[in-house]
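Each remark here refers to the structure printed beneath this line.
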Amino acid sequence: MAKTVPLDPHWVNLDVPALEALVRHHDHLYWDKHEPEISDTDYDRLTRRLKELAPDSPALREMGPSGGGDGEVGRYGTPVRHRRPMLSLDKCYGDDELREWVASFKGDVVVSPKFDGIACSLVFDEKGALALAATRGDGQVGDDVTANVRGIADVPKRLREPPGREVEVRGEVFMRLSVFAGYKDKFANPRNLAAGAMKQKDPKKSAAYGLSFAAYELLGTDHATERERFDALSRYGFPAVERRAVGRDDAVAAYRDLAARRAELDFEIDGVVFKADDVGEQRRLGLTAHHPRYAIAYKFQGDTGTTVVRGVEWSVARTGAITPVALIDPVMLSGALVSRASLHHPGFIKKLGLTSGAEVLVTRRGGVIPNVEHVVKPGPTAIELPAACPSCGGGVHGSGDFLYCDRPSSCRAAVMGQVAHYVSVAGIEGFGDRMLGELYERGLVRSAADLYRLRASDLLAIDRVGDKLAAKLVAQVAAKRTLSLEVFLRALGIDELGKHVAKILATEFKTLARVLRVTAAELAAIHTIGPVIAETVTEGLARSRPLVDELCRHVTLEEGAAAAAAPPPAGPLSGQSFVFTGKMATLERKAAQERARALGGLTPDAVTRTTTYLVVGDDKSDGKKSTKEKAADKLVADGASIKIISETDFLAMTEATKKP
Ligand code: IVH
């Protein structure tokens with residue numbers, strides 16, 4: 001059976017070109033080589049991120065076999081052009097997203113399982129005879145699979161009720177799990193096997209696989225509702241596909257219901273499909289090039305199961321946050337026995353309405369991290385928040401959704417977490433939890449800075465540490481007395497100050513002194529950093545000031561290397577900085593930056609309080625303000641003196657200040 005490998009966790013830091021390359025790579029593995037390396041959920045994560053960063057990326061449109069769709073054109077049979085394009089489904093992953101979509105139209109919602117098979121279009125003539133069956137292909141052109149589809153028992157060769165005109169039925173060819181059971185040892189999953197069966201040249205061989213068909217779309221009729229269409233499909237002789245019309249407030253519950261019954265079904269589903277019931281509303285909503293707006297798929301995340309919460313364990317994170325973990329009756333999820341699931345913070349417990357003894361739905365997000373999704377049935381006992389810190393017994397205080405230890409700097413768990421994080425980010429080896437625990441108990445290491453004070457003689461006092469090891473450990477620490485600013489910032493263990501933000505801080509602000517002066521507004525002005533993260537990071541930096549000062553007595557920072565490498569020459573624009581935003585009409589952004597630099601100007605990427613000019617490109621197609629413009633507006637309202645000028649202004653200005 002084909003195994004997938006988890007995504008490198010650093011994928012979140014990839015920029016658009018790198019993401020595009022990755023998506024294309026996995027498209028190729030999946031569609032052309034039939035050897036996917038990552039799970040579908042991970043693939044979805046990649047494409048969602050790309051959609052967020054670059055909604056118009058061509059890589060999103062190309063998704064599918066060397067150019068889009070469910071099967072490479074020509075792979076199954078003669079190419080045939082679809083009467084109407086076979087689109088994809090838009091996806092959502094959370095209740096709020098689903099509710100938002102439901103709010104976009106009037107009337108009921110029709111709910112059906114999202115079959116994980118091969119999408120097919122069947123054309124029936126006016127007398128009801130099956131005329132053509134085709135795979136989705138690239139959405140425009142698919143492959144003729146009529147001969148093989150005739151071998152599928154679920155597909156009527158002639159509709160029981162002549163439609164009186166040509167109609168098209170779309171649905172999924174799939175293999176029931178009870179049928180797949182006979183092939184389990186040889187094939188990875190029923191979907192791939194169904195695809196293989198459809199590709200058989202000999203229709204008899206294809207029929208021998210015992211494929212099934214689920215009809216979920218009817219085109220070419222005048223029905224007023226989706227419900228009526230489904231009913232007509234049943235009258236035509238297709239086996240009824242589970243579908244339910246629910247009121248708009250019940251869509252989320254309908255998702256839960258199917259998710260909970262997933263394991264009982266005799267076929268694989270990877271989500272739930274919702275459609276606006278009213279055909280008038282469907283027309284009004286219309287289509288994008290990729291998907292109809294009247295339908296959406298709420299995809300399952302990893303595997304799902306229900307289990308019972310037996311209690312909650314509280315632990316103290318390095319930030320002093322006291323975090324709950326649900327202790328659950330062991331449940332098999334995505335091939336692993338799961339008995340604990342993070343509850344993130346007390347606010348999450350409240351939001352879930354979680355009680356002890358409750359039956360809950362648990363998933364492994366992205367197939368990995370166990371997460372309690374919602375309560376299926378409440379339990380008898382309320383979950384009490386700890387009144388004292390579970391590690392040091394000291395006081396606690398709440399702040400929003402969170403609960404904190406009052407004195408993390410003297411709380412063993414928080415300090416150990418903090419030091420362990422520093423050691424891991426700085427790359428100091430040999431200091432595992434056991435060693436750090438011993439050092440803590442002996443009062444030798446009570447902060448990351450204490451590591452630099454360790455002497456070999458201190459370490460000798462510890463069990464099983466001899467001269468050699470002691471010397472090695474001291475050398476390990478000594479080797480990390482010089483750190484890049486980026487690593488140093490990340491090692492501080494500040495919430496949200498991970499790799500991405502650390503890199504931005506180091507490249508944008510260059511020196512520690514400057515980083516410590518960064519305001520939340522300046523940080524939020526940088527593309528990809530939101531206001532909440534900006535606030536958390538600047539607050540965290542302020543709170544970590546004593547640790548930073550102490551560390552700086554031992555650590556030498558490599559600062560501003562990039563800035564020092566290529567200072568602009570002195571010129572009429574010296575001391576002024578130019579940030580560019582929007583598409584420029586007359587020259588490339590790079591050329592514009594070079595022009596400013598040639599005159600002594602600086603050209604950082606982000607708008608900050610100290611930016612002199614924000615240059616807005618003249619080629620504005622939508623007239624909307626860019627993130628950088630909005631950021632500059634905010635900073636100006638806040639008292640900064642950034643001048644927002646047009647491309648034309650910039651050209652005139654650099655023209656006027658041209659060196660003689
Ligand atoms: S309705 C796109 N209903 O999933 C037009 N589609 O991943 C609306 N699919 O291309 C289709 N189960 O082929 C609909 N119950 C269901 C479905 C379903 C599976 C397929 C469909 C679509 C694909 C998107």
Matching option when the condition is in a loop (DSSP other than H, G, I, E, B), within 23 Å of Glu508 (Cβ to Cβ) and either at pLDDT below 85 or among the polar types (S, T, N, Q) (or both), among Gly571, Gly623
Gly571
Would you be able to say whether some residue in the stretch 244-253 is within 12 Å of the ligand (Cβ to nearest atom), over 25 Å from Thr78 (Cα atoms) and assigned to a loop (DSSP other than H, G, I, E, B)?
no
Quick check on the stretch 545-566. Is at least one of its residues assigned to a helix (DSSP H, G or I), touching a residue at least 24 places away in the same chain (Cβ under 8 Å) and among the basic types (Lys, Arg)?
yes
Any idea which residue in the stretch 88-146 is farthest from the ligand (Cβ to nearest atom), counting only those that are polar (S, T, N, Q) and closer than 19 Å to Asp278 by Cβ?
Ser104
Looking at Thr528, Thr536, which is the one that is under 28 Å from the mean Cα position of the chain (by Cα), of a type in the set (Val, Ile, Thr) and surrounded by fewer than 18 Cβ atoms within 10 Å (Cβ to Cβ)?
Thr528
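Table: residues versus (1) part of a loop (DSSP other than H, G, I, E, B); (2) over 19 Å from Lys127 (Cα atoms); (3) touching a Leu at 6+ places or on another chain (Cβ under 8 Å); (4) aromatic (Phe, Trp, Tyr).
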residue	(1), (2), (3), (4)
Val155	yes, no, yes, no
Arg160	yes, no, no, no
Glu172	no, yes, no, no
Ser178	no, yes, no, no
Lys184	yes, yes, no, no
Ala195	no, yes, no, no
Met198	no, yes, yes, no
Phe213	no, yes, no, yes
Glu228	no, yes, no, no
Ala326 passes all but one of (1) over 24 Å from the mean Cα position of the chain (by Cα); (2) buried (at least 20 other Cβ atoms within 10 Å of the Cβ); (3) more than 30 Å from Glu242 (Cβ to Cβ); which number fails?
(1)
What are the pairs with Cβ atoms under 6 angstrom where one residue, in the stretch 152-181, is closer than 18 Å to Lys205 by Cβ and the other, located anywhere, is surrounded by fewer than 19 Cβ atoms within 10 Å (Cβ to Cβ) and of a type outside the set (A, V, I, L, M, F, W, C)? Sequence gap at least six, or different chains.
Val179/Gly210
For the stretch 230-243, which positions are buried (at least 16 other Cβ atoms within 10 Å of the Cβ) and either within 16 Å of the ligand (Cβ to nearest atom) or in a loop (DSSP other than H, G, I, E, B) (or both)?
Phe230, Ala232, Leu233, Gly237, Phe238, Val241, Arg243
Which condition number in (1) touching a Phe, Trp or Tyr at 6+ places or on another chain (Cβ under 7 Å); (2) in contact (Cβ under 8 Å) with a residue 60 or more places away in the chain; (3) part of a helix (DSSP H, G or I) is the one that Lys275 fails?
(3)
Tell me the residue from Arg455, Arg434, Arg481, Arg464 that is of a type outside the set (Gly, Ala, Ser), at pLDDT below 95, farther than 22 Å from Ala542 by Cα and in contact with a strand residue (DSSP E or B) (Cβ under 8 Å, 6 or more places away or on another chain), please.
Arg481
I need the strands (runs of 3 or more DSSP E) fully contained in the stretch 295-337, keeping only those with at least 3 residues that are aliphatic (A, V, I, L, M) and within 16 Å of the ligand (Cβ to nearest atom).
295-299
Do you know which residues across the stretch 392-423 are among the hydroxyl-bearing types (Ser, Thr, Tyr), within 25 Å of Ala449 (Cβ to Cβ) and modelled with pLDDT under 95?
Ser409, Ser410
Those residues of the stretch 103-117 which are under 27 Å from Ser212 (Cβ atoms) and modelled with pLDDT of 95 or more amount to Val109, Val110, Val111, Ser112, Pro113, Lys114, Phe115
Please enumerate the residues belonging to the stretch 368-405 that are farther than 16 Å from Thr323 by Cβ, in contact (Cβ under 8 Å) with a residue 12 or more places away in the chain and in a loop (DSSP other than H, G, I, E, B).
Val368, Pro378, Gly379, Pro380, Gly394, Gly395
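The values are calculated or read from the model by the stated rules, or taken from the named source; none is laboratory data. Since the model is a prediction, treat every value here as computed from it, not as a measurement. Positions of Cβ are generated from backbone atoms using ideal geometry, with glycine treated the same way; all protein chains shown enter the neighbour counts.
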